[in-house]
1. Can you give me the solvent accessible area of Glu70 with a 1.4 Å probe, rounded to the nearest 10 Å²?
2. In the set (1) 108; (2) 99; (3) 91, which value of volume of the Cα convex hull per residue in Å³ was calculated from the structure you see?
3. Using the Cα centre of the chain as origin and beta-carbon charges of +1 (Lys, Arg) and -1 (Asp, Glu), tell me which of Gln81, Phe24, Leu45 is placed farthest towards the positive end of the dipole.
4. State the Cα centre-to-centre distance between the range 40-67 and the range 1-27 in whole Å.
5. Where does helix 28-38 land angle-wise versus the long Cα axis of the chain, in degrees 0 to 90, nearest 10?
6. Take Lys18 and Asn62, extend 7 Å from each Cα along the Cα→Cβ direction, and tell me the distance between the two endpoints in nm.
7. Exactly which trypsin sites (Lys or Arg not before Pro) in the range 34-93 are in a DSSP loop and have at most 15 other Cβ atoms within 10 Å?
8. With +1 on each Lys and Arg Cβ and -1 on each Asp and Glu Cβ, how big is the dipole of the chain about its Cα centre, in debye rounded to the nearest 20?
Amino acid sequence: MSVSIYIPSPFRSITGSKDYISAFGNTVEDILESIEDQYPGFSHLVFDEQHKLPGHINIYLNNQEIHEIEGLQTKVRSGDQLAIIPALAGGTM
């Protein structure tokens, strides 16, 4: 299944400044692996050392957070949209 993926600004150096890319797979995990195949080093931005999603990385499938569905095993369909959103810290005190 071909899925459109939104790439956040901090990760665009890996994708050649592209804010949207396409990848193929049947699950969110397949899609993330497909992105790694296309853009080596991408998984280091998304996964921790145990190949798990850290708390500061949120992934949305069609505007629904994947942890509310089936996590990385969430099924995708052709035409779905995936967004990878890292939590950002900052502000003033």
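The values are calculated or read from the model by the stated rules, or taken from the named source; none is laboratory data. Since the structure is predicted, the reported quantities are computational estimates derived from the model, not experimental observations. Glycine also receives a Cβ, built like all others from the backbone with ideal geometry; neighbour counts cover every protein chain displayed. Calculation scope for accessible area: heavy atoms of the full protein, side chains included, ligands and nucleic acids excluded. Shrake-Rupley method; radii C 1.70, N 1.55, O 1.52, S 1.80 Å.
1. Estimated to the nearest 10 Å², Glu70 gives 120 Å².
2. Label (1) holds the value from this structure.
3. Gln81
4. 13
5. 80
6. A separation of 2.3 nm, rounded to one decimal place.
7. Lys52, Arg77
8. The calculation lands at about 280 debye.
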